[in-house]
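The values are calculated or read from the model by the stated rules, or taken from the named source; none is laboratory data. Only a predicted model underlies this, so the values are computations on that prediction, with no experimental measurement involved. Every residue, glycine as well, gets a Cβ built from its backbone with ideal geometry; the counts of neighbours run over all protein chains shown.
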Amino acid sequence: MTGADLSGAMLRHASREHPGPEYLHADLREFDLGPRRFDAVVCLDSALLYCRTATETASFLTSCRRCLDPGGLLVAEMRNGAYYLGRATFSEAPSVHTFTHRGVVHRSVTRLRVDPAARLLRRSRTWTTDDGTPPVEQSSAWRLLLPADLRRVLLANGFQVLALHDGPGPRTEPPWREGDQPAGTTDADRLHVIARLTDD
């Protein structure tokens with residue numbers, strides 16, 4: 001098993017909290033894991049949507065093809081463009097989460113906004129703590145892909161789509177449990193795909 005991330009801080013955290021796998025610094029938009037081949041590439045929590053252009057998505061899929069064994073799988077979970085772009089107005093109340101780590105209470109306030117012209121879902125998040133540390137502001141954006149777009153780009157880049165559905169999954173409510181079957185729909189806020197590398 002190999003883990004990859006663009007953030008050095010995330011790689012250090014992963015190796016400290018989850019020792020065992022090899023962790024590599026890599027950009028998902030174009031990566032090379034050397035001569036090794038893998039049974040699967042797993043890309044969760046909307047990471048694939050950081051590829052904001054068709055060129056970046058194609059480059060990611062080329063990198064996946066290069067590191068997968070014949071018949072290897074791409075397993076991905078992401079926000080669903082059909083859910084966000086399919087609403088005339090998207091309005092969601094800010095979400096607030098609180099947790100305690102090493103005696104310090106951390107609080108995040110997250111706001112999502114759809115940018116329909118750019119087909120992006122923009123997120124702003126503010127972190128505060130109860131120890132007097134100044135607030136930290138984060139912003140990010142994901143490309144919003146419709147299910148049909150995702151299927152088309154996978155087929156065009158050498159993958160056969162085995163499953164494409166909106167749940168249950170790791171981030172759905174209720175979350176996936178062993179034995180649960182796919183819903184067979186693609187309208188909810190999360191999208192899950194399993195695609196197999198086809199023979200060249």
Original post:
Between a first residue in segment 115-136 that is over 30 Å from A82 (Cβ atoms) and a second residue that is polar (S, T, N, Q), which pairs have beta carbons less than 6 Å apart while being 6 or more apart in sequence or on different chains?
Top reply: W127/S108; P135/T126; P135/T128
Original post:
So which of T100, T110 is touching a Pro at 6+ places or on another chain (Cβ under 9 Å) and assigned to a strand (DSSP E or B)?
Top reply: T110
Original post:
Do you know which of the residues in segment 16-72 that are outside any helix (DSSP H, G or I) and among the basic types (K, R) is farthest from N157 (Cα to Cα)?
Top reply: R36
Original post:
What is the one condition in (1) closer than 26 Å to T55 by Cβ; (2) in contact with a Lys or Arg (Cβ under 6 Å, 6 or more places away or on another chain); (3) not polar (S, T, N, Q) that R119 does not satisfy?
Top reply: (2)
**OP:** Answer yes if at least one residue in segment 36-51 is over 17 Å from the mean Cα position of the chain (by Cα) and closer than 25 Å to R12 by Cβ, and no otherwise.
**Re:** yes
**OP:** For segment 118-127, indicate whether the set of residues that are more than 24 Å from R29 (Cβ to Cβ) and not small (G, A, S) is non-empty.
**Re:** yes
**OP:** Any chance you could count how many residues in segment 73-83 are part of a helix (DSSP H, G or I) and not hydrophobic (A, V, I, L, M, F, W, C)?
**Re:** 2
Original post:
For W127, which of the numbered conditions (1) among the hydrophobic types (A, V, I, L, M, F, W, C); (2) under 17 Å from H192 (Cβ atoms); (3) outside the structural domain of G81 (by TED's automatic domain parsing) fails to hold?
Top reply: (2)
Original post:
Since V105 meets every condition but one in (1) under 30 Å from E17 (Cα atoms); (2) without any contact (Cβ under 8 Å) to a residue 40 or more places away in the chain; (3) not in a strand (DSSP E or B), which condition does it not meet?
Top reply: (3)
**OP:** Inspect all residues belonging to segment 150-163 and state whether any of them is surrounded by 12 or more Cβ atoms within 10 Å (Cβ to Cβ), touching a strand residue (DSSP E or B) at 6+ places or on another chain (Cβ under 7 Å) and among the basic types (K, R).
**Re:** yes
**OP:** Scan segment 90-102 for residues that are over 27 Å from A54 (Cβ atoms) and at pLDDT below 95 and report the count.
**Re:** 7
Subject >> Pair list, Cβ under 8 Å, 6 or more apart: segment 1-20 residue among the hydroxyl-bearing types (S, T, Y), other residue exposed (fewer than 14 other Cβ atoms within 10 Å of the Cβ) >> reply: T2/P21; T2/E22; T2/R36
